[in-house]
Amino acid sequence: MTTLQTLLASLVKAALISDDTESLRWREEARRAHAALVSDAEAAKSLKIDGIWTLAVGEAEAPEFQASEGRVSFGLPVACPFTLADLLDPGFDVDCAVERIAGSASTG
């Protein structure tokens with residue numbers, strides 16, 4: 001699993017999970033992954049974001065997480081709601097990203 005996939009999966013889990021404590025745990029994981037991604041930004045520039053998004057969504061929607069995922073009830077968008085440049089920005093806001101994913105998921 002790439003750092004980018006870890007970041008995206010953590011963001012999706014934080015967006016889907018209803019429990020605030022668990023959501024905060026996934027937000028912290030996303031912050032750690034983001035810091036690692038930014039520290040090796042040159043290597044990340046060759047990654048295919050939409051393919052990694054698909055893998056990340058699949059990971060976040062795994063059966064072991066479904067019982068706690070009650071925040072939104074519709075599917076996530078097929079395309080990643082962020083560009084690679086967004087995710088490589090040192091000022092990337094994890095909390096805003098989680099809300100953006102939740103908003104896009106709830107509207108399909």
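List of remarks:
- Calculated mean residue ellipticity, 222 nm, the chain: -20000 deg cm²/dmol, from DSSP H runs (n ≥ 4) at -39500 (n - 2.57) each, averaged per residue and rounded to 500.
- Accessible area of the chain divided out per residue, in Å², using a probe of 1.4 angstrom: 52
- Taking the accessible area of segment 9-56, probe 1.4 Å, and keeping the other protein chains in place, the carbon and sulfur fraction comes to 55%.
- Within-11-Å neighbourhood charge of Arg100 [Cβ basis; K, R +1; D, E -1]: -4
The values are calculated or read from the model by the stated rules, or taken from the named source; none is laboratory data. Treat the numbers as computed from the prediction; the structure is a model and nothing was measured. Quick reminder, even Gly has a Cβ in these numbers, built from the backbone with ideal geometry, and neighbours come from all protein chains shown. The accessibility values were calculated without ligands, DNA or RNA, using every heavy atom of the protein model including side chains. Shrake-Rupley method; radii C 1.70, N 1.55, O 1.52, S 1.80 Å.
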